[in-house]
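Read the structure below first, then the notes.
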Amino acid sequence: MSEQENKKIIFSGIQPTGTFTLGNYIGAVSHWGKLQDEYNCIYSIVDMHAITVRQDPVKLRQHTLEAYALIMACGVDPKKSIAFIQSHVRTHAELNWILACSTQFGELSRMTQFKDKSAKHPDDINAGLFTYPVLMAADILAYKADLVPVGVDQKQHLELARNVAQRFNSKYGELFTVPDAYIPKVGAKVMSLQDPEKKMSKSDENPNACIYILDEPDVIIRKFKRAVTDSDSVVRYAEDKPGISNLMSIYSVITGKDYASIEREFDGKGYGDFKLAVGEAVADHLKPVRDEFARLMADKAYLKECYTAGAQAALNISRKTVAKAYRKVGFVDSM
Ligand code: ATP
Ligand code: LTN
């Protein structure tokens, strides 16, 4: 990362809970690379967040490496940005504790992701799942990030991070930057292809509901062909046409065409033609990502070099913030 003091700081993270979906890509990760020149960017594979839901340790290790290679394949350049694995940088856990003591039980209880995930895993409503947003606040505040590029589902967590930052600053004196969310105008919530009322999610049990960014072109096209739509046949963006509107927003982001020109393009044509066009556009768009991912995974030594340097750079920044936070709360200097 270039040491430009005047550039704003960006932080974002993604959980290594499986291959990224088209939702992760359009809502978040595809923007990460584009921001690298204008901002000082810091990106993390948040493995500590992932274990709030039961993970197979062998798979988690594999998914973490893959997620690291995937963000690079999607455009993150570890020479321009700091890219690291969360558990490699101790300051996240340290700041998590300090911030937990400035977070209220009541505000955590209102988090919809906690409610959704507890409902999904009723046999494992662990304390980590409950305090998940505090660790996310620590990730962001440790680097004094100004902006956080995320999908719209993370807005509530970001609001909590802002509140915690403000509360700490007013209790102990100015330290943290209050971050803003950076949410794309189109594609901030890509919906499931099988249930357009539900967000597309990596951990969906139905593989037809998600496009994984490493899916083969024929798989992508087949999944779009099977996407649930309404019984009408007019390609038009409308609230009462959630399936078609979802496909239109995907097509719009991928091709750069606006809704009016998409409506014109498919005027008089049926859903079949439209779904095929969306499938082909997405498959073409993701091909270079798939190729680059394969290339990177074949060179584990290079990946290791990148994430090791990333962790060192991340620690260098965040340890200063944590040291200041320790001093502010009244801990005795250790050195
Ligand atoms: P999981 O299913 O394991 O909870 P997830 O698919 O929701 O995972 P995260 O790792 O929680 O993915 O999210 C990574 C980033 O992708 C976040 O910025 C999140 O807002 C964004 N994101 C996730 N799903 C979507 C979606 N369907 N549309 C747009 N953005 C999304
Ligand atoms: N909670 C986020 C992942 C995440 C994150 C962050 C995103 C963890 N720490 C910091 C932005 C900034 C999610 O996508 N589920």
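Rule-based calculations on the coordinates, nothing more; no lab input. Only a predicted model underlies this, so the values are computations on that prediction, with no experimental measurement involved. All Cβ positions, even for glycine, are placed from backbone atoms using ideal geometry, and neighbour counts span all protein chains on display.
Values computed for the structure shown
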quantity: Cys41 long-range amide H proximity, modeled H, under 5 Å; calculated: Ile10, Ile82
quantity: Net length gained if the chain between Arg236 and Lys287 were fully extended (0.36 nm per residue, minus Cα distance); calculated: 15.6 nm
quantity: Cut-off 15 Å between beta-carbons: net charge of the residues surrounding Asn163, Lys and Arg +1, Asp and Glu -1; calculated: +2
quantity: Positive minus negative residues near Leu286 (Lys, Arg vs Asp, Glu; Cβ under 14 Å); calculated: -4
quantity: Rg [Å, one decimal], Dmax [Å, integer] - the chain, C-alpha atoms; calculated: 20.7, 74
quantity: Amide H contacts under 5 Å for Gly13, placed H, 5+ residues apart; calculated: Ser44
quantity: Neighbour count of at most 12 Cβ within 10 Å plus DSSP loop: longest GluC sites (Glu not before Pro)-free window in the chain; calculated: 39-173
quantity: Förster-model FRET efficiency, 35 Å R0, Arg226 and Ser203, C-beta, rounded to 0.05; calculated: 0.95
quantity: Reach of Lys223 by Cα under 23 Å, taken over lysines that are not fewer than 8 positions away in the same chain; calculated: Lys189, Lys198, Lys199, Lys202, Lys241, Lys257, Lys269, Lys275, Lys287
quantity: Footprinting exposure proxy for Tyr172, Tyr302, Tyr251, Tyr68 (fewest neighbouring C-beta atoms within 10 Å first); calculated: Tyr302, Tyr172, Tyr251, Tyr68
quantity: Diffusion coefficient, µm² s⁻¹, Stokes-Einstein with Kirkwood Rh over alpha-carbon pairs of the range 153-210 at 10 °C and 1.306 mPa s; calculated: 114
quantity: Pairwise FRET efficiency - Asp333 versus Arg264, Cβ, R0 = 56 Å, nearest 0.05; calculated: 0.25
quantity: Burial ordering of Phe105, Phe130, Phe331, Phe11, fewest other beta-carbon atoms within 10 Å first; calculated: Phe105, Phe331, Phe130, Phe11
quantity: Least to most buried among His121, His157 (fewest other Cβ within 10 Å first); calculated: His121, His157
quantity: Using alpha carbons only: equivalent-ellipsoid semi-axes of the range 1-159, gyration tensor based, whole Å; calculated: 25, 19, 14
quantity: For the range 188-305: span of alpha carbons on each principal axis (Å, largest first); calculated: 52, 29, 25
quantity: Sites Lys79 and Asp273 - FRET efficiency at Förster radius 35 Å, r taken between beta-carbons, to 0.05; calculated: 0.25
quantity: DSSP-defined beta bridges in the chain - what % are antiparallel, rounded to 5; calculated: 10
quantity: Simple Cβ-charge dipole of the chain, Lys/Arg +1 and Asp/Glu -1, about Cα centre, in debye nearest 20; calculated: 820
quantity: Sequence-distant residues sharing a close amide H with Lys199 (under 5 Å, placed H); calculated: Ser192
